Amino acid sequence: MAKKHKRQKIDGQFVPLQHELLNSFAFQNLNSSSKVGLLYFYKDKKNGHQENVILTYSQAKKYGVCQSSTTFDSIKKELVEKGFLDSFKPGGLGKHSIFKMSYRWKLYGTSRFNEIPFEAGLGSKQFQVIWKDEVKRQNLLEARHGKKKQDTVST
């Protein structure tokens, strides 16, 4: 009778990465910060059916992914451009961005690759520009707080 070998148990949580992803042209062309950022986006994935992932700037800074918001924006932009993430809900002004996991990276570098532009959120730099423009400021306030009702005076 054959001996049964005890299976090795993996303690704790882990982030599984497919060999196909690691060997892909898209992954190999990511810069180092974007590779680390991708790992932490994958870390947010709790099950195989979850599509939406979040990595906030404060989390990225805490994990050592980046030290500046400009670098963090570059990481997100590169992950979208190379097909690892798709913008879902851009954040900014106290809200975090939500991304969808994407498998477009499998076609990166081919004629069948579908480019999707990165949608940046409203950071403090963009906020300053918007706040100076009266129309844009009003649109921002309405989006954040809703339209104010007209004051009516009854006599």
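The values are calculated or read from the model by the stated rules, or taken from the named source; none is laboratory data. All of these numbers come straight from a predicted model, not from anything done at the bench. Cβ sites come from the backbone with ideal geometry, for glycine too, and all protein chains shown count toward neighbours. These area figures cover heavy atoms from the full protein model, side chains too; ligands, DNA and RNA do not enter into them. Shrake-Rupley method; radii C 1.70, N 1.55, O 1.52, S 1.80 Å.
Residues in the range 75-107 that are open to solvent by 60 Å² or more (accessible area, probe 1.4 Å), over 11 Å from the mean Cα position of the chain (by Cα) and modelled with pLDDT of 90 or more: 3 in all. Taking the conditions (1) hydroxyl-bearing (S, T, Y); (2) over 12 Å from the mean Cα position of the chain (by Cα); (3) open to solvent by 70 Å² or more (accessible area, probe 1.4 Å); (4) within 30 Å of L141 (Cβ to Cβ) in turn, S68 satisfies each one other than (3). From the list N52, N29, N23, the lone residue that is open to solvent by 30 Å² or more (accessible area, probe 1.4 Å), out of contact with any helix residue (DSSP H, G or I) (no Cβ under 7 Å at 6 or more places or on another chain) and more than 24 Å from A120 (Cβ to Cβ) is N23.
Among the residues of the range 47-59, those identified as assigned to a helix (DSSP H, G or I) and in contact (Cβ under 8 Å) with a residue 12 or more places away in the chain are Y57, Q59. Considering (1) modelled with pLDDT of 90 or more; (2) under 13 Å from the mean Cα position of the chain (by Cα); (3) charged (D, E, K, R); (4) assigned to a helix (DSSP H, G or I), the lone condition that K62 does not fulfil carries the number (2).
Scanning the range 3-46 for residues that are part of a helix (DSSP H, G or I), farther than 18 Å from R104 by Cβ and not hydroxyl-bearing (S, T, Y) yields a count of 4.
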